Amino acid sequence: MRSLVRCTSVGTFKTCRPVLTMSVCWVNQKSRPTTRNVEIDPDQTSVVFWILRPIVFRFSFAARSQSARFNIAKRLLRGPKMHRREFITLLGGGAAAIVPFVARAQRSAIPVVGVLSPEGPKTGNANGLVEGLRELGYVEGHNIRFEYRWAEGRFDRLSELAADLIRLQVDVIVAFVTQAAEVAKKQTSTIPIVMVGVADPIGAGLAASLVHPGGNVTGTSSLAVALVGKQLELLKLAAPGNTSFAAMFNPTNVTFQSLQVKETKAAAQTLGLQLRFLEVGAPTEFEAAFNTIVQEKIGVLLILADPLFFANSKALAELSVKSRLITMTAYRTFADAGALMSYGPNYFDNYKAAAPYVEKILKGAKPSDLPIDQSSKFEFIVNLKTAKMLGIDIPTSVLGFATEVIE
């Protein structure tokens, strides 16, 4: 490539400007080298097009004839203007190879974290991950990007949502609760997976051990299943004299709920309680379940931990108060919305605890080498306003155990 100066005269004025000349060479169909000089006018070309030009120019040689190759190369080098027919020629010849190149360039420029969750965005739990990464220097839109996939309580959608994240080739998948982590692991063994709130990662086949997970899954483990016994115990203390309890669970969340139901049955037997299990797999089934509880004159309800119930905290809390039930859940949002009590982990904090895992993986660490952390921080919230409305006196021993009392 060499530099020239071209001068043009208009009337009595003479204008000079630099012009670059580039030799374009290729082998023709007769195996003879062909060379032509092409002049490049810098004024016609944008900075962005100059950056992309070497990539596009490389694939202009996919055109069928020498003249077509030359004309395309000439126009590419002169400026960003391109006719429709030439653009289609490029697409047919080599643009398909450009797409992966650009995609790889984008991924190398900014890491992408996929979030797979059976809940919805309104819960705000995943903001804990964003906040945790921000504290580690990763700012959304600046040096990290998030791709959220919400199942909105429909566990049957997790598989397609996970497949979507894998097609995007995200750098890490953060999977909330057991079933989301299971689905992600079944579909990829190469993309690192950071789990959040998984009850029994070893029992679910997600990890070989807590210290050495193996495979491509690590993260935080929740003791939500083991908390069921404590929840029933607190309910019994808050409602002395009641032995007939109801337990609501979501049958569509197969893995996690089967563990919870098993633990609930064992705890109820130990405490001498009679349990009536109610299957509720969609919001449309809420009212019928509460009608059954009222008709059977059951005064105490335990709502087992599940994203479906968490996403509908307000509706379930209102039905609990309307039915005058002594209710316990795993989520504090229920107590905030008017239910009597909640005891369980803080899922915002659980998401936040996943941030260091994501950071280490983005810096090159392997999930198999990162030990799984078991959450041991729990909240016990008591809504005294609801207790007064229901005419219940919460024992001092129970209140003394509370993390927070709503008055």
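The values are calculated or read from the model by the stated rules, or taken from the named source; none is laboratory data. Keep in mind that what you see is a predicted model, and the values were worked out from it rather than measured. Every residue, glycine among them, receives a Cβ derived from its backbone with ideal geometry; neighbour counts consider all protein chains shown.
Return yes when Thr270 is touching a residue at least 24 places away in the same chain (Cβ under 8 Å), over 22 Å from Val196 (Cα atoms) and assigned to a strand (DSSP E or B) and no when it is not.
On the way: touching a residue at least 24 places away in the same chain (Cβ under 8 Å): yes; over 22 Å from Val196 (Cα atoms): yes; assigned to a strand (DSSP E or B): no.
Criteria not met by Thr270.
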Q. Within the group Leu259, Leu235, Leu273, which residue is buried (at least 18 other Cβ atoms within 10 Å of the Cβ) and either charged (D, E, K, R) or under 24 Å from Leu384 (Cα atoms) (or both)?
A. Leu235
Q: Scan Gly391, Gly400, Gly364, Gly338 and give me the residue that is out of contact with any Ser or Thr (no Cβ under 9 Å at 6 or more places or on another chain), farther than 16 Å from Leu234 by Cβ and assigned by TED's automatic domain parsing to the domain that holds Gly281.
A: Gly391
Q | Leu206 vs. criteria at pLDDT 90 or above, in a helix (DSSP H, G or I), in contact with a Ser or Thr (Cβ under 9 Å, 6 or more places away or on another chain) and under 30 Å from Leu278 (Cα atoms) | A | no
Q.
Restricting to the range 276-294, and then to whatever is within 19 Å of Asn312 (Cβ to Cβ) and either of a type outside the set (A, V, I, L, M, F, W, C) or assigned by TED's automatic domain parsing to the domain that holds Ala181 (or both), can you tell me which residue is surrounded by the most Cβ atoms within 10 Å (Cβ to Cβ)?
A. Gly281
Q) Among the residues of the range 273-280, is there at least one that is within 26 Å of the chain's Cα centre (by Cα), over 18 Å from Asn242 (Cα atoms) and in contact (Cβ under 8 Å) with a residue 24 or more places away in the chain? A) yes
Q: Output yes when any residue across the range 210-219 is polar (S, T, N, Q), surrounded by fewer than 18 Cβ atoms within 10 Å (Cβ to Cβ) and in the same structural domain as Asn125 (by TED's automatic domain parsing), and no when none is.
A: no
Q. Is it the case that some residue within the range 364-371 is buried (at least 18 other Cβ atoms within 10 Å of the Cβ) and either among the polar types (S, T, N, Q) or in contact (Cβ under 8 Å) with a residue 24 or more places away in the chain (or both)?
A. yes
Q. Taking the range 219-265, which residues are touching a Lys or Arg at 6+ places or on another chain (Cβ under 9 Å) and at pLDDT 90 or above?
A. Phe245, Ala246, Ala247
Q: For the range 204-256, enumerate the residues that are within 24 Å of the chain's Cα centre (by Cα), among the aliphatic types (A, V, I, L, M) and farther than 23 Å from Val398 by Cα.
A: Ala204, Leu206, Ala207, Ala208, Leu210, Val217, Val254
(Q) So the check is Cβ under 8 Å with 6+ separation or different chains; which pairs have a first residue in the range 383-402 that's under 18 Å from Val300 (Cβ atoms) and among the charged types (D, E, K, R) and a second one that's surrounded by 15 or more Cβ atoms within 10 Å (Cβ to Cβ) and at pLDDT 90 or above? (A) Asp393/Ala387
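Working carefully through the options Phe310, Phe348, Phe334, find the one that is among the aromatic types (Phe, Trp, Tyr), in contact with a helix residue (DSSP H, G or I) (Cβ under 9 Å, 6 or more places away or on another chain) and surrounded by fewer than 22 Cβ atoms within 10 Å (Cβ to Cβ).
Only one candidate qualifies: Phe348.
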**Q.** Check on Met195, touching a strand residue (DSSP E or B) at 6+ places or on another chain (Cβ under 9 Å), part of a strand (DSSP E or B) and assigned by TED's automatic domain parsing to the domain that holds Ala288
**A.** no
